[in-house]
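Before any comments, here is the structure.
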Amino acid sequence: MACQYFGLDLKVFMVKCSYEQKPFRREVIRTYGASIIPSPSDTTQVGRKILAEFPGTTGSLGCAISEAVEVAVTNEGYRYELGSVLNQVLLHQSVIGLEVQAALKKYGIKPDILIGCTGGGSNLGGFAAPFLGEVLRGEANYKIIGAEPASCPSFTRGVYAYDFCDTGCICPLAKMYTIGSQFIPSANHAGGLRFHGMSPILSELYDEGLFEARAYEQTAVFEAAEIFARAEGTLPAPESSHAIRAAIDEALKCKETGEEKVIVFNLSGTGYFDLYAYKAFNDGTMSDYIPTDEEIKAALDKLPKV
């Protein structure tokens, strides 16, 4: 989801598949006075261009960003807000990791493994940044894991290169792990993780081997979400459930080896607006989609020549 605003005239470009899959989230936003446009749309020049190139597409965060930026720069007084990817966003989100750090210190707990879901980077970056600082200063050594969707595997199958942050190629270039700005993921339920690239800060740290990444199929993610909900009483968001899946896998490894480890993961949101996704899982109609090497290569072939 991407937005631009002017006073109380708030317009939100919502990824088309999320617009269709999450109608209750849509209505909450409308209740607060915003108008919502499913992206890509025919209301912007770049939206029409994307629709012409990808007819019938269910959209992506990259598409929504392109449309929101166009409206912001072509209407006086409008401003654009992005909630992930950019370095300043990760620094702002680092309050999450600072709070976790303080809580662990209060109770005398030293974590061994830290896990966050990752799509554009704000979640993992905000959660892990203070701990990565300790690692860089030589004060600690943690195993840090970024859990991403197998349907949009920027870290695990992407390349480290300069690319556009948006599908319409109107934003500045950033050096990041990417599967190509022209890659539009399937209409799965990974929601806010459906972005083709990754934060420049996280990309550099990943390239230096300071943390690892894993990709998960959505049925495995929802299996983990179900286990968590029944054990903890909280229905997790699909995005957060990627981290839960990784945490369960790490716990099972410890069970096999007999090791005792402290595993900390970030439950970044609840899933009460994602009940259509849970319905698909409970009905057995949810499927997995993993892009082929050819699909990713086709998008990477369109990377800007830098």
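The values are calculated or read from the model by the stated rules, or taken from the named source; none is laboratory data. Bear in mind that the values here come from a model prediction, so they are computed numbers and not experimental data. Reconstructed Cβ throughout: ideal geometry from the backbone, glycine too, with neighbour counts over all protein chains shown. For accessibility, only protein heavy atoms count, side chains too; no ligands or nucleic acids. Shrake-Rupley method; radii C 1.70, N 1.55, O 1.52, S 1.80 Å.
Here are a few things to note about the model shown:
- Restraint check, 110/143; 175/302; 110/261; 16/49; 16/305, Cα-Cα greater than 20 Å: 16/305
- Annotation: per residue accessible area for region 87-300 equals 44 Å², rounded to a whole number [probe 1.4 Å, protein chains only].
- Within region 224-261, trypsin sites (Lys or Arg not before Pro) in DSSP loop having at most 16 other beta-carbon neighbours inside 10 Å: 261
- Rolled with a 1.4 Å probe across the full set of protein chains, the surface gives residue 31 an accessible area near 110 Å².
- Dipole check for the chain: with +1 at the C-beta of Lys and Arg, -1 at the C-beta of Asp and Glu, and the Cα centre as origin, the magnitude is about 440 Debye.
- Using a probe radius of 1.4 angstrom, the carbon and sulfur fraction of the accessible surface of region 2-74 is 58%.
- Loop-located trypsin sites (Lys or Arg not before Pro) in region 267-306 (DSSP state not H, G, I, E or B) with no more than 16 neighbouring Cβ atoms inside 10 Å: 302, 305.
- List 15, 159, ordered by accessible area with a 1.4 Å probe, largest first: 159, 15
- Restricting attention to the chain, close to 45% of DSSP beta bridges with both partner residues there are antiparallel.
- Accessible-area composition of region 87-300, carbon plus sulfur, in percent [1.4 Å probe]: 54
- The listed peptides 131-139, 201-209, ordered by packing as a protection proxy, come out as 201-209, 131-139 (highest mean of other Cβ atoms within 10 Å first).
- Global geometry of region 2-74, whether rounded, prolate or oblate, following the gyration tensor of its Cα atoms and the 1.5 cut on a/c: oblate
- Region 2-74 - accessible surface per residue (Å², probe 1.4 Å): 47
- For region 87-300, a/c is not less than 1.5, where a ≥ b ≥ c are the root eigenvalues of the C-alpha gyration tensor, and a/b does not top b/c. That puts it in the oblate class.
- Of the GluC sites (Glu not before Pro) in region 17-106, the ones in a loop by DSSP (not H, G, I, E or B) with at most 13 other beta carbons within 10 Å are 76.
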